[in-house]
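Q: Below you'll find the structure I mean.
Every read-out reported here was derived from the displayed coordinates using simple, explicitly stated rules and does not represent laboratory data. Because the structure is a prediction, the values reported are computed rather than measured. Counting neighbours? That spans all protein chains shown, and the Cβs are built from the backbone with ideal geometry, glycine included.
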Amino acid sequence: MKPEIAIIGAGYVGIPLATVFAEAGKRVVLVDVTRERVDMINRGESYIEDVPSEVLARLVADGLSATTDYDVLRDADTILIALPTPLSRQREPDLSIVLGAVRQIAPRLRKGHLVVLESTTYPGTTRDEVLPILEETGLKVGVDFHLAFSPERVDPGRTDWTTKNVPKVVGGITPACTERAAEVYGAAIDTMHRVSTPEAAELTKLLENIFRSVNIALVNELAMLCDRMNIDIWEVVGAAGTKPFGFMAFNPGPGLGGHCIPIDPFYLTWKAREFGFYTEFIELAGKVNEEMPYFCRSLVSQALNHSKEMSLKGSKVLVLGVAYKPDIGDMRESPALKLISLLDNAGANVSYHDPHVPKFADHGLELESVPLDPAAYDVVVIVTDHHSIDYEKLVDDASLIVDLRNATGAKGTASEKVFKL
Ligand SMILES: NC(=O)c1ccc[n+]([C@@H]2O[C@H](COP(=O)([O-])OP(=O)(O)OC[C@H]3O[C@@H](n4cnc5c(N)ncnc54)[C@H](O)[C@@H]3O)[C@@H](O)[C@H]2O)c1
């Protein structure tokens, strides 16, 4: 049977999106260049923690499939693009993956197609970059085919807000494009929010990520000040969080992580320059947040110095948690990577334990998760606060802890061997 919806990119965004449509009874096909991923999906094996393999296997048995063959796009009515939008080494937007896929869509585009870009990007991408490639075919947007932007807002690991119940923002090139996109998504997703243009939808996503980046930077800056003033930043954030209005609590930490927040804001910074405009909040937040792994290394160094009269060089350090956020195995842009490399550069012998990340390679280091034996190390550094760890026991067992997440709570605050960010 012909698929109704084709999703290009079987990743953290594409797979949950495919399952939501499949659960709503739609015939869905995922298109991906990575043969192993395609084979795994077709065997019903999920590598995304948000989509359990049992669920994927059931949906695959009901017709959900994956392929490396772009020709399936000819049959589908709707084509959704959920491909990575990284930064280049010079931290400029790299749209090559998305535009490469659009060039694959163009020769297969036909009357009646709906194409929606979901990848996070700067305002103007859908209209100025995607549309011209599709219109080179001679087909006209709003007449022959529809084109829209609709940002993905998935938060990996989250169970209360999912692809299905987070409102979906849609902005089409023409009002008919918006309506068509809202109709297609509305068949599977609970709430639609229409905006007047793709540019408004593109900027909506960037605003959401910039909001987080700026607020995290603010509290990170305060955390560094609190260290000098000997004030507990966690106590302050907790107290401010009791205000029922006008305040939203953000926690400090060892730096930004994940595929979105460290990267996406710079898509706007780059675009703004074209308009002679400097997005200073974004740049400042980036600067403060990028400083955090360096500050955290100095915290580890100070803790060893004060409590054990040891230097980092030659010390045995256990990093606890390396994924970029709790309870998932996603390592993309994880601040643990930078911190581990800084500790390693300083001559520390770094090991790590993470129940979600069996091994990783980065910055020339190849590490495997070791068993959790806190007593075997000079210091344990809590970088990611996975909930499966018993932090009370950790405080009992370790000789020295640097807690960058307030995972040890009141017990850690009361303990002389716990140094908190
Ligand atoms: N991960 C998140 O939490 C999240 C949240 C919101 C928005 N986004 C945005 O969604 C977009 C996709 O992110 P993701 O996290 O799903 O990426 P991902 O890296 O998890 O998945 C991308 C997939 O695309 C495949 N791919 C690469 N090039 C291809 C091509 N030319 N044709 C077909 N498949 C190809 C890869 O093999 C991979 O399976 C990005 O723009 C991202 O910023 C991500």
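Q: Mind checking the stretch 325-421 for GluC sites (Glu not before Pro) that DSSP puts in a loop (not H, G, I, E or B) and that have at most 15 other Cβ atoms within 10 Å?
A: Glu416
Q: Give me the angle, in degrees from 0 to 90, between the Cα long axis of helix 198-229 and the longest principal axis of the Cα atoms of the chain, rounded to the nearest 10.
A: Between the helix axis and the principal axis of the chain, the angle is about 0 degrees.
Q: Does the stretch 1-86 classify as rounded, prolate or oblate by the C-alpha gyration tensor (a ≥ b ≥ c root eigenvalues; a/c under 1.5 gives rounded; else a/b over b/c gives prolate, otherwise oblate)?
A: Rounded shape, in that the Cα axes give a/c under 1.5.
Q: If I take all pairs of Cα atoms in the stretch 272-332, what percentage of them are more than 13 Å from each other?
A: The calculated P(r) of the stretch 272-332 puts 75 percent of pairs beyond 13 Å.
Q: Would you please name the GluC sites (Glu not before Pro) within the stretch 82-176 that are DSSP coil residues with at most 13 other C-beta atoms within 10 Å of their C-beta?
A: Glu136
Q: Using DSSP to define loop residues, name the GluC sites (Glu not before Pro) in the stretch 262-317 whose beta-carbon has at most 15 other beta-carbon atoms within 10 Å.
A: In loop regions of the stretch 262-317 (DSSP not H, G, I, E or B), the sparsely surrounded GluC sites (Glu not before Pro) are Glu274, Glu309.
Q: Another question about this same structure. Can you sort Asp354, Asp390, Asp396 so the residue with the fewest Cβ neighbours within 10 Å comes first?
A: Ascending Cβ contact count within 10 Å gives the list Asp390, Asp396, Asp354.
Q: Which ordering of Thr174, Thr279, Thr120 is given by a fewest-first count of other beta-carbon atoms within 10 Å?
A: With the sparsest Cβ surroundings first, the list reads Thr174, Thr279, Thr120.
Q: When Met248, Met292 are ordered from fewest to most other Cβ atoms inside 10 Å of their Cβ, what list results?
A: The fewest-first ordering by Cβ neighbours comes to Met248, Met292.
Q: What are the residues whose amide H is under 5 Å from the amide H of Arg194, where those residues sit 5 or more places off or on another chain and H is modelled from the backbone?
A: For Arg194, the qualifying residues are Val170.
Q: If Lys and Arg each add +1 and Asp and Glu each add -1, what is the summed charge of the other residues whose beta carbon sits under 14 Å from the beta carbon of Arg91?
A: -2
Q: Would you kindly give the portion of the calculated P(r) for the stretch 70-205 that falls above 21 Å, as a percent of all Cα pairs?
A: That fraction is 39 percent.
Q: Okay, next question. Which whole-angstrom value gives the distance between the alpha carbon centres of the stretch 390-421 and the stretch 75-131?
A: Each part's Cα centre sits 46 Å from the other's.
Q: Further, regarding this structure: Report, to the nearest 10°, how far helix 175-186 tilts away from the longest principal axis of the Cα atoms in the chain, using its own Cα long axis and a range of 0 to 90°.
A: Helix 175-186 sits at roughly 60 degrees to that axis.
Q: Could you derive backbone 3J(HN,Hα) for the stretch 408-421 from the dihedral phi with the Karplus parameters 6.51, -1.76 and 1.60 (θ = phi - 60°), listing whole Hz in sequence and x where the residue is Gly or Pro?
A: Residue by residue, the stretch 408-421 yields 7, x, 5, 4, x, 4, 7, 9, 6, 8, 10, 9, 9, 4 Hz.
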